[in-house]
Amino acid sequence: MSDRKTNVTPYAQLETRFEELHQLGHAQAMLSWDDAVMMPRGGGPARGEALAALAALAHRTLTAPEVGDLLDRAGASLAQLNAWQQANLRAMRRTHTRAVALPEALVRTNQLATTRCQQIWRAARADNDWNAVKGSLGEVIALAREEAAALGDALALDPYDALLDGYEEGTREAHVTQLFDDLKGFLPGFIDRVIARQTAPFPLPGPFPRDGQHALGEDMMRLLGFDFSRGRLDVSHHPFCGGVPDDTRITTRYSEEEFLESLMAVLHETGHALYQQGLPADWRRQPVGNCLGAAVHESQSLFVEMQMSRGRAFIEFAAPHLRRHLGGKPGDAAWTADNLQAHSRQVRRGYIRVDADELTYPLHVILRFEIERALIAGKLDAADIPDAWNEAMTRYLGLSTEGDYRNGCMQDVHWFAGLFGYFPTYTLGALMAAQWFAAARATLPDLDSQIEAGDFAPLIGWLRRNIHGRGQLKTASELLIDVTGEPLSLRHFKTHLENRYPG
């Protein structure tokens, strides 16, 4: 973009400012990645201060008085900008509007509190010690309420809607509730029928050494198109994808008793990473070159993990790779594609969201959505979370988490990291993923045979053209209509489940 920097128009000055913000964001992402992956525990307080200083600096850079003036002046010359520049200016204004609603002191305090709370959570979860983290979480919740109120006032939105809107523009609690109520009416009976008719697969003989699992994960990532010259795979307490397009980091966690959970986590995060690495190269340091939103981001991870990787064609392709890395014998009934498919599609009511099958997963999300909106509304406090969680798990999944905080309300990092409003995007992403995949299948008639042969280029190319490479040129709702011909619908998700789990 060096040719654009020679222009000193208001718009060009904004591009320079937002490129600086991109670089600060890169530094923040790498410090956060290191915190989660390899930082010694004693470095926690110092790391929190460093991240808080960067957050304050980025906020100051974004909210400086001249930025608002430049946005107004650039907006007055909108006709002189091309479509990408106009979309970039729109994304700049949205980012600026949300930032100026928050005082710098709140941004700094929030960063300190969430970094400290995450660090406490890692040790407390391992020890099943709710009391060790409850106080810090209470502080994070109080700050999230303050942030939600400030954003709500600035945007004329309900506080929780203001948080939702930050993760996926235009998302509102009322619409999420409507979709989730529909799923609550559909899923329980469907799950009962599937569980009643499924048979137990042959057990897969372990143990499965971590080195073999790691090599398998890297193999799958490489075959799908992950660029290891611009990224890597590591281990953390909670799987995630972070960084920037040219420095993409993903993580997983391993159990030597079971390998599918880790593999599916790697495939999930690879979906995120492929999206990130496929963003438009000419705009990667500008807002328009960023990922479109959390629900769209989750749709890309679930497109890879659920839609593709649990499909029969992918299992046929992957079976020899699994045997090679994990010691399976070709003639062993446990390692056939039929048995591996049965394992990958086994439906069970479990405690852990990231390990859940695609039928029970939305219920894990719904219970978190219902609790967190009550937390932001002040109807629940941190001390109430374990009981609320246990009641919801019992109601939706028939499982009690009383006293089991590690596998209950402490299992996810999100609330401890202050990410209130993020959880609904997982299931919104699942709905989108089914809709994207139906559109891809309609335009790629040989898709199954290509996947079974390990030729992922046509499918990933479709994603690159239709989603990844378009950045924030359109809003998510506009892009969904443009690519699939209709707005977000439950129809494709329900059809997908009924086709995959017939009865």
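The numbers here are math on the coordinates, done by the rules we state, and not lab data. Treat the numbers as computed from the prediction; the structure is a model and nothing was measured. Quick reminder, even Gly has a Cβ in these numbers, built from the backbone with ideal geometry, and neighbours come from all protein chains shown.
Angle of helix 83-100 to the longest C-alpha principal axis of the chain, folded into 0 to 90 degrees and rounded to 10: 80°. Placing +1 on the Cβ of every Lys and Arg and -1 on the Cβ of every Asp and Glu, with nothing else charged, gives the chain a dipole about its Cα centre of roughly 520 debye. On the basis of the beta-carbon distance and an R0 of 41 Å, residue 181 and residue 383 show a calculated FRET efficiency of 0.90.
Contact order, relative form, for region 254-409: 15 percent (alpha carbon pairs under 8 Å, 6 or more residues apart, mean separation divided by residue count).
Across region 363-423, C-alpha contacts under 8 Å between residues 6 or more apart give a mean separation that, scaled by the residue count, equals a relative contact order of 34 percent. Charged side chains reduced to their Cβ positions (Lys and Arg at +1, Asp and Glu at -1) give region 448-503 a dipole of some 200 debye around its Cα centre. Its alpha carbons considered, the chain gives a radius of gyration followed by a Dmax of 22.6, 70 Å.
Between the residues 453, 190, 100, the greatest Cα displacement towards the positive end of the dipole of the chain, with unit charges on the Cβ of Lys, Arg, Asp and Glu, is found for 453. Shown is the FRET efficiency for residue 156 and residue 448, computed with R0 = 56 Å from the Cβ-Cβ distance and rounded to the nearest 0.05: 0.70.
From the C-alpha coordinates alone, can you work out the Kirkwood hydrodynamic radius of region 70-124, in Å?
Averaging 1/r across every pair of different Cα atoms and inverting gives 13.9 Å.
Over 17 Å, how big is the tail of the calculated P(r) for region 1-131, in percent of all Cα pairs? More than 17 Å apart: 64 percent of the Cα pairs in region 1-131. Could you tell me which of 243, 178, 278 has its Cα farthest along the dipole of the chain towards the positive end, charges placed at Cβ (Lys, Arg +1; Asp, Glu -1), taken about the Cα centre? Of the candidates, 278 comes out farthest on the positive side. Each of 132, 163, 151 was placed along the dipole of region 126-171 (beta-carbon charges, centred on the mean Cα), and the one lying farthest toward the positive end is 132. Per residue, the chain reaches -20500 deg cm²/dmol at 222 nm when only DSSP H runs of four or more residues are counted, each adding -39500 (n - 2.57). Taking other Cβ atoms within 10 Å as a rough exposure proxy, 112, 279 sort from fewest to most as 112, 279. By the Cα gyration tensor, region 331-415 has an equivalent ellipsoid whose semi-axes, rounded to whole angstrom, run 32, 12, 10 from largest to smallest. Axis of helix 65-76 versus longest Cα principal axis of the chain: the two differ by about 80°, to the nearest ten degrees. Cα centroid separation, region 353-407 to region 80-143: 22 Å. For the chain, the longest principal axis of the alpha carbon atoms and the long axis of helix 361-376 meet at an angle near 40°. Our compactness index for region 61-189, the C-alpha radius of gyration over the empirical 2.2 N^0.38 Å, is 1.40. If you place +1 on the Cβ of every Lys and Arg and -1 on the Cβ of every Asp and Glu, how big does the dipole about the Cα centre of region 106-230 come out, in debye to the nearest 20? Dipole magnitude for region 106-230 comes out near 560 debye. Shape class for region 116-191, computed from the alpha carbon gyration tensor (a ≥ b ≥ c): oblate, with a/c not under 1.5 and a/b at or below b/c.
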